[in-house]
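Visitor: Mind having a look at this structure? Questions to follow.
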Amino acid sequence: MTTQCSWPVPNMDGWNGSAMPLSHCLKLRTTDIDAVHAHMSSMMCQHKLHIEGGVPPITFRHHQASLRSLTFNATDYGNPYGRVVVAIPPMEQLYLVQFSLAGRARITHGDDSFTLEPGEMCVLGSNARIRQVFEEGYKHFTLKIPKSDLEGVLMQELGYRPGELNFSPKPVRLEGAAASFANMVRTICDDIDLGLPGYSHPRTCGAIEDSLKRLLLAAVPHNHSDLFDGSVSGPAPFYVRRVEEYIRARAEEPISLADLIEVSGVSARSLHAGFRRFRDATPMGYLKNHRLALARTALRGGAESGVSVTNVALSCGFTHLSKFARDYFERYGERPSETLRAV
């Protein structure tokens, strides 16, 4: 005799655009655009909202669930024609991770413009103004994450605070780590929707949130990706972190190995051993890689301001331009001038 599986089965239509995720977690259903604006401003962030192409009837729905500090949001403006336009001022304290479930959104994020389609995700935030135009039939899913949470996880992983975290806003295909992130989000939301209690347990929700944050840091490029994607050797000792902080604060200044040994407070041998074990580099090699990362960031954002490769190299602490160009090519596989032109 065959026993039927009695496990609850999630609604598969919730994630392919035919329906909505978190169907049992309805927060608002309305046809009043003013009520929509007030509700979404309080649930997500302050923004402006209007509809282009007349004032068509809408059947708005918003479903929401949460863990500890993260909220999961499925939204359908229900616009059969016309286009919903959302304008968001710079968000200093949070990130919005957005997936398209059905239809397309045309997004302007600071100086970047792109279209977000099903099978893609993007991270919105980083103190940039955002404008979104939702086309007819657009449904989307958004994960709201406090910026301080992500920066805290990054600090835990690196053993020090590397500075402000900024993601690339451009769409990422749901492949590799991005697919793992999306699948974990989907599993959590489906279990919450089915009423399963695991994610509400006070000893599990924090660990689950941290796993999601780590997956996001691995899935979407950001200004500390080189550090986050590096080898993991456990927490670095205090003298390694002390030298790293010194390098980050003075990378553009002349720095010698003697300077780093003095700052560390340990012997040259111990300092080299610590960096080899925990950072897979010599102290001076770490300094060079940090300067190269600073140069790459400056070159990527330098086309509009008219900077030159020479100016970038000098401002990042490089004094030998030919050696800078060679080291840059070895690390990134392209010449500095190619990075500058590619922006």
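Visitor: What whole-number value in cubic angstrom gives the convex hull volume per residue for the C-alpha atoms of the range 171-312?
Guide: 154 Å³
Visitor: For the range 232-342, with only Lys/Arg (+1) and Asp/Glu (-1) charged at the beta-carbon, what is the dipole magnitude about the Cα centre, in debye rounded to 20?
Guide: 260 debye
Visitor: If you take all C-alpha pairs in the range 232-342, what percent of them are over 15 Å apart?
Guide: 63 percent
Visitor: Among L227, L150, L28, flag the residue with its Cα farthest along the positive direction of the charge dipole of the chain, charges on Cβ as +1 for Lys/Arg and -1 for Asp/Glu.
Guide: L227
Visitor: Tell me, what ³J(HN,Hα) does each residue in the range 31-41 have, in order and in whole Hz, if you take phi through Karplus 6.51 cos²θ - 1.76 cosθ + 1.60 with θ = phi - 60° and put x for Gly and Pro?
Guide: Going residue by residue, I get 10, 9, 5, 5, 5, 4, 4, 5, 5, 5, 5 Hz, with x marking Gly and Pro.
Visitor: Relative to the compact-globule scaling 2.2 N^0.38 Å, provide the ratio for the alpha-carbon radius of gyration of the range 182-234.
Guide: Normalised Cα radius of gyration, the range 182-234: 1.40.
Visitor: Name the residues of the range 65-108 whose amide N is less than 18 Å from a point 7 angstrom out from the Cα of S148 along the C-beta direction?
Guide: Label zone hits: 67-71, 91-96.
Visitor: Let me ask something additional. Can you figure out the FRET efficiency of H320 with D111, using R₀ = 30 Å and their beta-carbon distance, to the nearest 0.05?
Guide: 0.40
Visitor: I've got another one for you. Along the charge dipole of the chain, Cβ charges K/R +1 and D/E -1, which of V172, H39, A236 sits furthest on the positive end?
Guide: Of the candidates, A236 comes out farthest on the positive side.
Visitor: Next up: Gain in length, M43 to R277, computed as 0.36 nm per residue apart minus the alpha-carbon separation, to one decimal in nm?
Guide: Stretched fully, the M43-R277 segment lengthens by 79.7 nm.
Visitor: Per the Kirkwood formula on distinct C-alpha pairs, the Rh of the range 107-166 is how many angstrom?
Guide: For the range 107-166, inverting the mean 1/r across all distinct Cα pairs yields 13.8 Å.
Visitor: Most exposed first by the Cβ proxy, i.e. fewest other Cβ within 10 Å, how do H39, H290 rank?
Guide: Fewest to most other Cβ atoms nearby, the residues stand as H39, H290.
Visitor: How far apart, in nm, are the 7 Å Cα→Cβ label points at S225 and H24?
Guide: Distance between label points: 3.9 nm.
Visitor: Run through all the Cα pairs of the range 279-332 and give the fraction in each 5 Å bin from 0, expressed as whole percent.
Guide: 4, 21, 31, 25, 12, 5, 2, 0
Visitor: Under a Cβ-only charge scheme (Lys and Arg +1, Asp and Glu -1), can you give me the dipole magnitude of the chain about the Cα centre, in debye to the nearest 20?
Guide: Computed about the Cα centre, the dipole is about 580 debye.
Visitor: Right, another one. If you build the convex hull over the alpha carbons only and average its shadow over all orientations, what do you get for the range 227-289? Give it in nm² to one decimal.
Guide: Mean orientational projected area (the range 227-289, Cα hull): 3.9 nm².
Visitor: With bins 10 Å wide starting at 0, give me the P(r) of the chain over every alpha carbon pair, in whole percents.
Guide: With 10 Å bins starting at 0, P(r) equals 5, 21, 27, 21, 15, 8, 2, 0.
All of the numbers you see were taken from the coordinates with simple rules; none came from a lab. As the structure is a computational prediction, the values presented were derived from the model and not from experiment. Backbone-built Cβ (ideal geometry, glycine too); neighbour counts: all protein chains shown.
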